[in-house]
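To start, the structure under review is shown below, and the notes come after it.
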Amino acid sequence: MAFYLSLLPAHFKQIKPGKTLTSLWSGCGSIVACELNGQACVIKAVDIPAVLEHPKIKQTAFAVNRKRKSYQVEYHFYKYFSQQLPSSAAAISCLAAIKNAPQYVLAFNDFTQQGYAHAEPQHAAAVLKWLAHFHAFNLHQPATGLWPQGNYWHLATRPDEFNNLAPSAIKQQAAKLDAALCNSAYKTVIHGDAKLANFAINTQQHVLGYDFQYVGAGVGVIDVMYFMTSCFNEAQLQQHADNYLAQYFTELQYALSVYQPQVAANEVISDWRNLWTIAWADFYRFLAGWSPTHTKINSYMQLQVNKALHTNI
């Protein structure tokens, strides 16, 4: 019997397991269709093995512990955090978050049965609006139980990739770039893995976020940068990135007026705008050490990196 079936009866009277939809990263579990109390649901069943096997990357003990921590954080987010979010920055509905470490079970409403579909590149503006409201709502909020530094590529969590870097300007400046992001006076909670694939949208352009394994403290432009890398190619970034960044800041100003009227929105925006190129350079540092031929390393990214390296940080 699948392990999650023994953990569900304490929360649901009627349980009808369905087919496995996909496997989690490196054998860490499965996504399973399920009917719970008559509702169409999706189960994220996490069962972390002692050794993680990746087809391309040798997993160090540090990397394995990072992945284990990510599932603890995701459980905490859905158990204690997600219900507080406003509708304009909502997460998918979690019906139960169950911990039996190293096993976790997250039961979600199936958003595809509620009129939502996976977001596509044409929905970029709607997702950026979601990010603006998520960041504004959580400005100055403690990331208790989440990552003290959100995202999966920041310097402290990627020593192996940093060591792989050849001597270079980006390696020399890595600590300063990281410090600039960490020392902002305007920290919020960031999604941390805000790629296009982690958002759903309905016909009313209402967005839901999900997959919060790397949620934690940070500055909003980290999410915005990473989102853009997930849905725009080199030419599209050159043509549209500035306009989308401006749209994000416009929505952020409005969202701050709603959730944080005591905050000087212009100061937040000025601070984060100055960190835009830094966020790109920081992500490039990770990619250059992890996969130096990655397709996300393009002329737009290189332009931002060059600007960041010539900034007095």
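The values are calculated or read from the model by the stated rules, or taken from the named source; none is laboratory data. A quick note: this is a predicted structure, and the numbers were derived from the prediction, not measured. Counting neighbours? That spans all protein chains shown, and the Cβs are built from the backbone with ideal geometry, glycine included. Protein only, heavy atoms only, side chains kept; ligands, DNA and RNA dropped before computing areas. Shrake-Rupley method; radii C 1.70, N 1.55, O 1.52, S 1.80 Å.
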Exercise. For residue 187, list the aspartates and glutamates whose Cα falls under 15 Å from its own Cα; do not include residues on the same chain fewer than 8 positions away.
Key: 178, 223, 267, 271
Practice problem: Please calculate how many Å² of accessible area the chain carries per residue, with a 1.4 Å probe and no DNA, RNA or ligand atoms counted. | Solution: 45
Self-check item: Lys, Arg +1 and Asp, Glu -1 on Cβ, resulting dipole of the chain about Cα centre, debye, nearest 20
Solution: 600
Practice problem: Give me the Debye-computed log₁₀ of I(q)/I(0) at q = 0.07, 0.11 Å⁻¹ for the chain, equal point scatterers on Cα only, no solvent, two decimals. | Solution: -0.28, -0.70
Exercise. Figure the gain on full extension for residue 311 and residue 3 (residue separation times 0.36 nm, minus the Cα-Cα span) and round it to one decimal in nm.
Key: 105.7 nm
Quiz prompt | Residue pairs, from the table 69/129; 129/176; 69/195; 67/99; 67/129, whose Cα atoms sit over 25 Å apart | solution = 69/129; 129/176; 67/129
Practice problem: Starting from the Cα coordinates of the stretch 1-131, work out the convex hull volume and express it per residue in Å³. | Solution: 144
Quiz item: When only C-alpha pairs under 8 Å and at least 6 residues apart count, what is the relative contact order of the chain, in percent?
Solution: 18
Quiz item: For the Cα atoms of the chain, what angle does the longest principal axis make with the long axis of helix 61-76, in degrees from 0 to 90, nearest 10?
Solution: 70
Self-check item: Relative contact order %, the stretch 16-167, counting alpha carbon pairs below 8 Å whose residues are six or more apart
Solution: 19
Quiz prompt | Between helix 220-231 and the chain: long-axis angle, C-alpha atoms, 0 to 90°, nearest 10 | solution = 80
Quiz item: With springs only between Cα atoms under 10 Å, which of 288, 246, 90 fluctuates most in a Gaussian network model of the chain?
Solution: 246
Quiz prompt | Most to least packed among 199-207, 99-107, 272-280 [average Cβ atoms within 10 Å] | solution = 272-280, 99-107, 199-207
Practice problem: Based solely on C-alpha atoms, express the radius of gyration and the Dmax of the stretch 155-313 in angstrom. | Solution: 15.9, 50
Quiz item: How many nm is it between the label spots at residue 171 and residue 39, if each spot is 7 Å from the Cα in line with the beta carbon?
Solution: 5.2
Exercise. Jot down the radius of gyration and Dmax of the stretch 231-313, Cα atoms only, both in angstrom.
Key: 14.9, 45
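Ignoring any ligand, DNA or RNA, what whole percent of the accessible area of the chain comes from carbon and sulfur when the probe is 1.4 angstrom?
51
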Quiz item: Against the longest principal axis of the chain, how steep is helix 234-259, in degrees 0 to 90 to the nearest 10, with axes from Cα atoms?
Solution: 70
Quiz item: Considering the dipole of the stretch 149-197 built from charges on the beta carbon (Lys and Arg +1, Asp and Glu -1) around the Cα centre, which of 184, 168, 194 is farthest to its positive end?
Solution: 184
Quiz item: What fraction, in whole percent, of alpha-carbon pairs in the stretch 161-217 exceed 14 Å separation?
Solution: 70
Exercise. Measure of size requested: the Rg and Dmax of the stretch 166-258, with Cα atoms as the atom set and Å as the unit; please supply both.
Key: 15.3, 50
Exercise. Work out the charge dipole of the chain with +1 on the Cβ of Lys and Arg and -1 on the Cβ of Asp and Glu about the Cα centre, then indicate which of 133, 238, 250 is farthest towards its positive end.
Key: 133
Exercise. Could you check which residue among 267, 161, 74 shows the biggest mean-square fluctuation in a GNM of the chain with a 10 Å Cα cutoff?
Key: 267
Quiz item: Can you give the convex hull volume per residue for the Cα atoms of the stretch 82-222, as a whole number of Å³?
Solution: 137
